[in-house]
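The structure appears right after this line, and notes come after that.
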Amino acid sequence: MAKMTFGLTARHIGVIEAELKRFGNREIDAKYVKYIWEKLGKELKWEPFTLALYYFEHLERQEFEDQTREAIDMGGGCSRCGDVSGFECICEQ
Ligand SMILES: [Zn+2]
């Protein structure tokens, strides 16, 4: 089953990120361009504002997960297998 993020599937996120990459450049962050969300909304058959909102929530959650992972690794644990203590890592076997 596809990984869900508040109703967004991995396919949705893939389509969104491809589009943002296509339109974005050093000056323009495409995720803040209203037209992009209108275009994506049509393509994915979503209400554009809802789509943007869900994607921003996905980004926030991603960032939180990245920070959590970083904190586990810095504390001597292993974020790959979720071993917080650092004594039960199963990745090396
Ligand atoms: Zn591990």
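Quick notes on this one:
- Three principal axis lengths of the chain [C-alpha, angstrom, descending]: 50, 34, 21
- Projecting the Cα atoms of Tyr54, Gly76, Val15 onto the dipole axis of the chain, where Lys and Arg carry +1 and Asp and Glu carry -1 at the beta carbon, places Val15 farthest toward the positive end.
- Solitary cysteines of the chain, where the nearest other Cys Cβ is not under 4.7 Å: Cys81, Cys91
- Helical contribution to [θ] at 222 nm, DSSP H n ≥ 4, -39,500 (n - 2.57), averaged over the chain, rounded to 500: -19000 deg cm²/dmol
- Check: the chain dipole with +1 on Lys, Arg Cβ and -1 on Asp, Glu Cβ, in debye: 600
- Neighbour-limited loop hits for chymotrypsin sites (Phe, Trp or Tyr not before Pro), the range 1-66 (at most 12 other Cβ within 10 Å; DSSP other than H, G, I, E, B): Phe6
Coordinate-derived values only; no laboratory data. Please read these numbers as outputs of a predicted model, since none were measured by experiment. A quick note on method: Cβ atoms are made from the backbone with ideal geometry, for glycine too, and the neighbour counts reach across all protein chains shown.
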